[in-house]
Amino acid sequence: MKYALLIYGDDSEWIDLPPEEKAALRAEEMPQWVTLFEELGKADPSVAGYELNNRLTAKVVKVRDSEQLVTDGPFAETKEVLGGVFLIELPDLDEAIRIASLVPAARTGSVEIRPLVE
Amino acid sequence: MALIYADERAWESFSDEDREVAYAQYRAFADDARAAGVMAGGDELGSTRDATTVRVRDGETLVTDGPYAEVKEALGGYFVLECDTVEEATRWAARIPGAGHGAVEVRPVYVDPAEVQL
């Protein structure tokens, strides 16, 4: 089964951090990400991952009566927003849960597991 | 990344014929985007009824059934579009069938050349 691991986190504090603090935090978390990437690669060598830019960069597009409406996003007005996605082939949900629990952001935010339609 | 949010109940109420029409519209969009050289991937997500959410707090993995957020219009799929500008991305997003009844959130993918590659 192919799964999407949707990583939700509160990026509101992150947005305002100076670049050097962001770099330091990234470096601090990096060993955990490396462990995760190793596990992802072992489980499915063709795993794909995307980190999304913060919520301030989001646009929402709707088309109503043939008219294109573009507003600032994100679409969902929640405290935690989608910050990244992994797409991975895994044997079952238990393995998806194990991998999801290795995502560093699961410690402060949430990881939603969704099967893909194949 | 173009994140497609739509009313899942409407989709579930669709007849097979309605779904075939919708899939044909998505295939037409994907063909156009591929022909223009902007299509870099995409998937349809299964229903949020099949979602599982994972959090880790104090070293303990907490697993709950259901999506991260109960919303009327849920993330139902995505496309990855290679565009030079946000304007180009929003133009393509407006052509995604879901923009006509739901909403498409456009978020740039964060690229850090120093980061570990999957």
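In this structure, B:A51 qualifies as touching an Asp or Glu at 6+ places or on another chain (Cβ under 8 Å), over 27 Å from B:A28 (Cβ atoms) and among the aliphatic types (A, V, I, L, M). Annotation note: Cβ proximity below 8 Å between a residue of the stretch A:77-93 that is farther than 27 Å from A:V60 by Cα and a residue that is of a type in the set (S, T, N, Q) and surrounded by fewer than 14 Cβ atoms within 10 Å (Cβ to Cβ) (sequence gap 6+ or interchain) occurs for A:E89/A:S46.
Taking the conditions (1) assigned to a helix (DSSP H, G or I); (2) over 21 Å from B:V106 (Cα atoms) in turn, A:W14 satisfies each one other than (2). Taking the numbered list (1) more than 18 Å from the chain's Cα centre (by Cα); (2) loosely packed, with under 12 Cβ neighbours inside 10 Å in turn, A:P31 passes all entries but (1).
Conditions tested, residue by residue: (1) without any contact (Cβ under 8 Å) to a residue 60 or more places away in the chain; (2) surrounded by 12 or more Cβ atoms within 10 Å (Cβ to Cβ); (3) more than 9 Å from chain B (Cβ to nearest Cβ).
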site: A:K42; (1), (2), (3): yes, no, yes
site: A:R64; (1), (2), (3): yes, no, no
site: A:F75; (1), (2), (3): yes, yes, no
site: A:S110; (1), (2), (3): no, yes, no
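Tallying residues that are assigned to a loop (DSSP other than H, G, I, E, B) and either in contact (Cβ under 8 Å) with a residue 24 or more places away in the chain or crowded, with 19+ Cβ neighbours inside 10 Å (or both) within the stretch B:80-107 yields 7. Just one of the listed residues (A:A96, A:A100) is within 7 Å of chain B (Cβ to nearest Cβ), surrounded by 14 or more Cβ atoms within 10 Å (Cβ to Cβ) and touching a residue at least 40 places away in the same chain (Cβ under 8 Å), namely A:A100.
Pull up the stretch A:17-60, narrow it to residues that are out of contact with any helix residue (DSSP H, G or I) (no Cβ under 8 Å at 6 or more places or on another chain) and part of a loop (DSSP other than H, G, I, E, B), then point me to the one that is farthest from A:E77 (Cα to Cα). Result: A:P45. If the condition is being crowded, with 19+ Cβ neighbours inside 10 Å and not in a strand (DSSP E or B), then the stretch A:81-93 contributes only A:L90.
Among the residues making up the stretch B:21-53, those that are over 20 Å from B:V104 (Cα atoms) and within 14 Å of chain A (Cβ to nearest Cβ) are B:R49, B:D50, B:A51, B:T52, B:T53. Here the stretch B:89-100 is the region considered, the condition is being at the interface with another protein chain (Cβ under 9 Å from one of its Cβ atoms) and out of contact with any helix residue (DSSP H, G or I) (no Cβ under 7 Å at 6 or more places or on another chain), and the residue that is nearest to B:R49 (Cα to Cα) is B:G100. Suppose the filter is part of a helix (DSSP H, G or I), more than 9 Å from chain B (Cβ to nearest Cβ), within 14 Å of the chain's Cα centre (by Cα) and on the phi < 0 side of the Ramachandran plot; does A:A105 pass it? Yes, satisfied. Of all the listed residues (B:V86, B:V56), the sole one being touching a helix residue (DSSP H, G or I) at 6+ places or on another chain (Cβ under 9 Å), facing chain A (nearest Cβ under 7 Å) and at pLDDT below 95 is B:V86. Suppose the filter is buried (at least 19 other Cβ atoms within 10 Å of the Cβ) and more than 20 Å from B:R55 (Cα to Cα); does A:V60 pass it? Considered against the rule, which asks whether it is buried (at least 19 other Cβ atoms within 10 Å of the Cβ) and more than 20 Å from B:R55 (Cα to Cα), A:V60 comes out as yes.
The values are calculated or read from the model by the stated rules, or taken from the named source; none is laboratory data. Keep in mind the model is a prediction, meaning the values are calculated, not measured. Neighbour counts run over all protein chains shown; Cβ positions are idealised from the backbone, glycine included.
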